[in-house]
Amino acid sequence: MLANLYEQHGSRLLEANVRSFLQARGKVNKGIRATILNEPDMFFAYNNGITATVQGLETAEGANGLEITRLIDLQIVNGGQTTASIHASLRQRPRRPKARLDEVHVQMKLNVVPPDTAEDVIPNISLYANSQNKVNDADLASNHPFQMRVQEFSRRILAPKGESSYQETKWFYERARGQYPDERGRRTDAERKKFDLEYPRPQYFTKTDLAKFENSWAGMPHVVSQGAQKNFVAFQREIAKEWKKSETRFDETWFKRLIAKAIIFRRLEKAVPQQPWYEGGYRANIVTYSMAKLAHDMDEMGKVVDLDRIWRQQAVPEPVEDALLLAAAEAHDVITHPPEGVRNMSEWAKKQACWAQFQQRELEYPTKLKDYLLTPAEAASTVDEERKKKAVTSGIEAQSTVVNLGAAFWKSALEWGKAHRLVTPKEIGVLETCSRIPDRLPTEKQCVIAVEVLERLKVDGFES
C-alpha cells in the first residue's frame, strides 16, 4: 500500500518533509534495502517506521476492529527514506532479486493536525522526528514561498538553445534535498532519458548553490566563504526580509538573471584550475571573490553586466570571462597573501577585511567588456518590458477567464492546491473568492493572481 501510494503521488507525499528521498547511497538507506531483500520478516523490528500527519480521518468498524477508511492530506514527515526504499523495491529491474513486500510490515505513528495549526506544528514534528539523516538549516527553509516560486519557475521556464545545444532545456531547482535523484530514479529507463534531455545534469542546482550564486554577485564573497550552510542562513534571512517588502521583484526576469549568475559561477569553477597562476586550493574562494569583484567594479562605474544576454546565450561571452579571470588572478593573490600574523588562508577569506582589501585593488578590464555592459536604467527597462508582456494576460482578460471557468472549477483548484501545500494564505483567499462566483465577483487584480496560481498548479500536476 505504501509503495503504491508513492508510485501514484511521488515526492508530493513528502511535501511536509524537510527533504525528499536521499537514494540508497547512505548507510541507513542501504540497510533498509538490504533488510527488504534479505530479511523482510524482520523489517518491523529493525525499522523505526514512519511518522505521518493528516488534517482529518474517517473510521469504521471492520471485521478485525476499527479501520481507517479515509485520510485527508496525508503527509509523511518522517520516514521518507523508508517509503521510497520500499517503492524502489516494488519497481524491479532485470537481474535484481525480487523483494517480498508481502512479508514487510511498517509501523506508523499518525498525527491528526488541524489546518489552523499545521503551519507551526508539522515543521516541528518533521524536525524532531528526523534523525536518520542529518537535517541541515537549508532543509528547514524548503517550504518558504520564495523556494516554492523558484521551483515553479525551474519546472516551467525553458532555457534558450544557446550556442552548444540543439534543443531548449530547463534548469532543475532542488527545493527539497534529494528531489533531483528521486524524480529521476522513479522513472523507467525511457522516461529517464527524456528527463535527462529536459533537465541536463549540469543544469541541476540546490538551495545552497542558489545562495552562493546570489551572495557572490551581491558582494558578499566573505560570507560565501564561510561555508554552504552559514551562507544559506544569511541569504535566507535577507530573502525573508525582501519577500515581506515586495515579492513581485522575484519574477521571471529575476529567475533568468539568477541562471545567468549560475552559468558564470559554473564556468569559473572549470576555468580557474586551468589558469597558469593557479597553484591548487582555494578555488571556491577565488570563484566567489572574482564574481563579487566584477559586479562591484561595474557598479562603481555606474554599469551592470548584461545578464539577460548571458541567459539568452546560455554561456559566458569571452570578454566577460576574460574580465572574470583577471579578477580571479587578483583574488588568488589577495587570498594567498594574508596580513602578517594570519596563517590560515581559508579563514582569511572569510573575513570582511579580506573583501575590503580586494575591493581596493584597481583592475584594467578588457576594452571589449563594454559591449556586454548596460546602465541600470537599461537593465530596469528589460524588467518593465517583461512585466508589460505579462500584463497582457491581466485585467479584463484574466477576469473573463476566471468567470468562464466557473465556481466549481476554482473550488476544485483550491482544494487540490491546499491538499498539496502549493498555495499561500493570500492565494487561498483569492481562490475562495473565485469559488463563490457569481455571488462574489473577484477584482481584476484577484483574477490575475488566480490565473497565475492556476498555471503553477498545472505545472505541478493539477488537471481540471
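Using a Förster distance of 51 angstrom, determine the FRET efficiency expected from the C-beta separation of Arg249 and Glu340, and round it to 0.05.
Calculated value: 0.70.
Could you please state, rounded to a whole Å, how far the C-alpha centre of segment 432-453 is from the C-alpha centre of segment 351-376?
When both Cα centres are located, 48 Å separates them.
Can you pull out the trypsin sites (Lys or Arg not before Pro) in segment 417-464 that DSSP calls coil and that have at most 12 other Cβ atoms within 10 Å?
Passing both the DSSP loop test and the Cβ count: Arg440.
Could you work out the local net charge near Cys354, counting Lys and Arg as +1, Asp and Glu as -1, over the other residues with Cβ closer than 15 Å to its Cβ?
Details: positive: Lys293, Arg343, Lys350, Lys351, Arg361; negative: Glu330, Asp333, Glu340, Glu347.
Once all neighbours under 15 Å are counted, the net charge is +1.
Name the shape class, rounded, prolate or oblate, that the alpha-carbon gyration tensor gives for segment 326-460, where a ≥ b ≥ c are the square roots of its eigenvalues, rounded holds for a/c under 1.5, and otherwise prolate holds if a/b is larger than b/c and oblate otherwise. Show your work: numbers first, answer last.
On the way: a/c = 4.93, a/b = 2.40, b/c = 2.05.
Taking the square roots of the gyration eigenvalues as a ≥ b ≥ c, segment 326-460 is prolate.
For the chain, report the accessible area per residue in Å² (1.4 Å probe, heavy atoms, rounded to an integer).
For the chain, the per-residue accessible area is 51 Å².
Could you estimate the translational diffusion coefficient of segment 142-242 from the Stokes-Einstein equation, with Rh from the Kirkwood formula over C-alpha pairs, at 37 °C and 0.692 mPa s, in whole µm²/s? Intermediate results must be reported in sequence, preceding the final value.
On the way: Rh = 14.9 Å.
Approximately 221 µm²/s, per Stokes-Einstein.
Students often get this wrong, so check it: of Lys270/Lys351; Lys270/Lys350; Lys194/Lys293; Lys293/Lys426; Lys245/Lys368; Lys230/Lys411, which have C-alpha atoms separated by over 30 Å?
Exceeds cut-off: Lys194/Lys293; Lys293/Lys426; Lys245/Lys368; Lys230/Lys411.
Setting aside same-chain residues fewer than 8 positions from Lys244, which aspartates and glutamates have a Cα under 19 Å from its Cα?
List returned: Glu119, Asp120, Glu214, Glu252, Glu427.
What longest range of the chain stays clear of loop-exposed GluC sites (Glu not before Pro) (DSSP non-H/G/I/E/B, at most 10 other C-beta within 10 angstrom)?
The longest uninterrupted stretch comes out as 1-162.
Using alpha carbon coordinates only, what is the Rg to Rh ratio of the chain, with Rh defined as the Kirkwood radius?
That ratio is 1.01, to two decimals.
7 Å from Cα along Cα→Cβ at both Leu101 and Lys30: what's the point-to-point distance in nm?
In this crude spin-label approximation the distance works out to 2.4 nm.
Let me have the 222 nm mean residue ellipticity of the chain computed from DSSP H runs of 4+ only, each contributing -39500 (n - 2.57), with the sum over all residues rounded to the nearest 500.
Calculated at 222 nm, the ellipticity per residue is -17000 deg cm²/dmol.
How many percent of DSSP beta bridges within the chain run antiparallel, rounded to 5?
Roughly 60 percent of the DSSP beta bridges within the chain come out antiparallel.
Nearest 20 debye, what's the magnitude of the dipole of the chain about its Cα centre given +1 on Lys and Arg Cβ and -1 on Asp and Glu Cβ?
Numbers: 67 positive and 63 negative charges, 207 e Å.
Taking the Cα centre of the chain as origin, the dipole is about 1000 debye.
With only alpha-carbon pairs counted, each pair once and no self-pairs, how large is the Kirkwood hydrodynamic radius of segment 188-237 in angstroms?
Here the Kirkwood hydrodynamic radius works out to 12.3 Å.
In whole Å, what are the extents of segment 190-285 along the principal axes defined by its C-alpha atoms, from largest to smallest?
Sorted from largest, the Cα extents of segment 190-285 read 46, 44, 22 Å.
Beyond 13 Å, what share of the Cα-Cα pairs of segment 312-366 is found? Please give it as a whole percent.
Considering segment 312-366, 63 percent of its Cα-Cα pairs are separated by more than 13 Å.
For a bin width of 10 Å, list the pair-distance distribution of segment 413-464 built from all Cα-Cα distances, rounded to whole %.
Going from the shortest bin to the longest, the percentages are 28, 57, 15.
The values are calculated or read from the model by the stated rules, or taken from the named source; none is laboratory data. Bear in mind the structure is a predicted one, so any value in this text is a computation, not a measurement. Neighbour counts are summed over all protein chains in view; Cβ atoms, including those assigned to glycine, are modelled from backbone coordinates with ideal geometry. Quick note on the areas: whole protein, heavy atoms, side chains included, nothing else; ligands and nucleic acids left out. Shrake-Rupley method; radii C 1.70, N 1.55, O 1.52, S 1.80 Å.
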